[in-house]
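A.B. asks: The following block contains the structure, expressed as C-alpha cells.
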Ligand SMILES: Cc1cc2nc3c(=O)[nH]c(=O)nc-3n(C[C@H](O)[C@H](O)[C@H](O)COP(=O)(O)OP(=O)(O)OC[C@H]3O[C@@H](n4cnc5c(N)ncnc54)[C@H](O)[C@@H]3O)c2cc1C
C-alpha cells in the first residue's frame, strides 16, 4: 500500500516535487532535536493543486500528512513520528516552494502571500513600499507565514500589534479531503456570518494546509528609542512595565525580558558591545516607536534627576532620535537568533553603519552605559541633550535597576564615547 502511495505522489508532483527521506536531511528533525521521524515521502508541492494531490492521495491511503514550514516550531508539530498509534504511514509536506509574494498593496495596507514565504521575506516586501509587517521574532528569516498562522505566533511586537491572529485578514487552505477553503479576503469590515478562517489560526495544521494568506500591514515606523535596564530581581519587571506604558503607552512596541546568558551569548557570538555595563541575572529591553511622518514620539518632559530613584542609574536620553527607512532603502539582513538575543543583535539601520558606539559616563548614583544603534544627530545637535532620570516605580525604596538608552544622539556632550 505504501509503495502505491509513494508512486502516486511521485507521479503527481513531478521530479522536483518530492524528496526521498534518505536525502531529506534536517527536515526530519525538529528545531530542538527532541522529535524526529521518517515519512514514506517528503512532498514539495509548488501549487495549490499539488497540495491537493498530496492530501487526496494520503486520504485515499489512510496516511498522515505532516505539514512543515520553516521547522522552527518548538513543540514538534512539524516533524513526523515513527510510532503512530495505528501504524499509519506519514507524508511530510514542505511548503518551501510555495514562496511567492503575490501582491503588496501599500494603499490598502495588505500583502497577499503564499504560505511558505518567510516572515522576513514579507517584512522586506512591505519595507520596499514604506510599510511594515509587524509580525516579528527571532526566527523571522526561517519561520513561514503558514507556520505563524498554524501556531498563532507572537513575537517582539505583540504588545502593540497582537499575535498573528491580529494580522491575518484572509486565508486559503486545503482541507483534509482535498477541497479548498477559500477565505482569501482583504476586507476588514467583513461581517458576513462565521469567521471560519479563525479556526485555522493556532490549529497547528490539524484542520488543513494553509496555502495563501492576506496579511495586514502597518505604517512604517521611523522613530525608535530603546531602553535597556539591569534588574535586581524579576519582581521589578511588572513595575517597570507599568512605568514603560505610562511613559508612552501607544508607542511601546517591545518589552522583553533578557537573561544574562542571552546578553553574554550575543556579545560572545556576535561580537557586539554590551548594552549596559551593570551585570545582572536579568535585563529588560523596552522599545518605543513612532510612525513615519509623525513627529518624534511624544515623551514627557524628563523630571529632575532623583539620585535615589528606584531605577538608580541615570542616562541621557535625546528628545529626538530617528532613522528613516525609506522605500528605496535595503532592509537589514536578519539572521535567526534567540528571542532574547535578537534585540541586541539587530543590525544597524541604513545610514548609521559604523556608528554603533559604546558610551559611558559617571552619574551621581550609578554608572550608566548607552549603546547607540540607530541615531543620527538629533534636534539637540550642538548642545547637551536633556538629562532624564526615570521616575521612581511604585514600592521602590532601593535601587532596582539601571536604565540605559540605546538610542542616543551622536552629539552627546556629557559622555566619553568610543567606537565599538
Ligand atoms: C529563535 C526562535 C525564536 C522564536 N520566537 C518566537 C516568538 O517570539 N513567538 C512565538 O510565538 N514563537 C516563536 N518561535 C517559534 C516559531 O518560530 C513559531 O512557532 C513559528 O510560527 C513557526 O513557523 P514555522 O514556519 O517554522 O512552522 P513549523 O515549525 O514548520 O510548523 C509549526 C506548526 O505549524 C504547522 N504548519 C506549518 N506550516 C503550515 C501550513 N502552511 N499550514 C498548516 N499548518 C502548518 C506545522 O504542522 C506545525 O504544527 C521561535 C522559534 C525560534 C527558533
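A.B. asks: For the range 101-219, what does the alpha-carbon gyration tensor say about shape, rounded, prolate or oblate, given a ≥ b ≥ c as the root eigenvalues, a/c under 1.5 as rounded, and a/b over b/c as prolate?
C.D. replies: prolate
A.B. asks: For the range 61-190, what proportion of DSSP beta bridges, expressed in % and rounded to the nearest 5, is antiparallel?
C.D. replies: Here the share of antiparallel DSSP bridges comes out near 60 percent.
A.B. asks: How much length is gained if the chain between residue 165 and residue 22 is pulled fully straight, taking 0.36 nm per residue apart and subtracting their Cα-Cα distance, in nm to one decimal?
C.D. replies: 47.8 nm is the gain from fully extending residue 165 to residue 22.
A.B. asks: On to the next question. For a protection proxy built on the mean count of beta-carbon atoms within 10 angstrom, sort 135-147, 15-27, 94-106, 260-272 highest first, please.
C.D. replies: The packing order, highest mean first, is 135-147, 94-106, 260-272, 15-27.
A.B. asks: Let me know the shape class of the range 39-165, please: from the alpha-carbon gyration tensor, a ≥ b ≥ c as square roots of the eigenvalues, rounded when a/c is under 1.5, otherwise prolate if a/b is greater than b/c, or oblate.
C.D. replies: Prolate, since a/c reaches 1.5 and a/b exceeds b/c.
A.B. asks: Right, next: Rounded, prolate or oblate: which fits the range 223-290 when a ≥ b ≥ c are the square roots of the eigenvalues of the alpha-carbon gyration tensor, with rounded for a/c under 1.5 and prolate only if a/b beats b/c?
C.D. replies: Cα axes put the range 223-290 in the oblate bin.
A.B. asks: Turning to a different aspect of this structure: Between residue 191 and residue 279, with labels modelled 7 Å along Cα→Cβ, what's the label distance in nm to one decimal, could you check?
C.D. replies: The two pseudo-label positions are separated by 6.0 nm.
A.B. asks: Moving to a separate point now. Based on the Cβ-Cβ distance from residue 3 to residue 100, what FRET efficiency comes out when R0 is 30 Å, to the nearest 0.05?
C.D. replies: 0.35
A.B. asks: Could you sort 80-89, 150-159, 58-67 so that the peptide with the highest average Cβ count within 10 Å comes first and the rest follow in order?
C.D. replies: 150-159, 58-67, 80-89
A.B. asks: Return, ordered by residue number, the residues of the range 131-153 whose backbone nitrogen is under 18 Å from a label point located 7 Å along Cα→Cβ of residue 291.
C.D. replies: 131-135
A.B. asks: Then there's this: Please figure out what share of the DSSP beta bridges in the range 2-94 is antiparallel and state it in percent, rounded to the nearest 5.
C.D. replies: Within the range 2-94, antiparallel bridges account for around 25 percent of the total.
All of the numbers you see were taken from the coordinates with simple rules; none came from a lab. Note that the structure is a prediction, hence the values are computed from the model and not measured. Quick reminder, even Gly has a Cβ in these numbers, built from the backbone with ideal geometry, and neighbours come from all protein chains shown.
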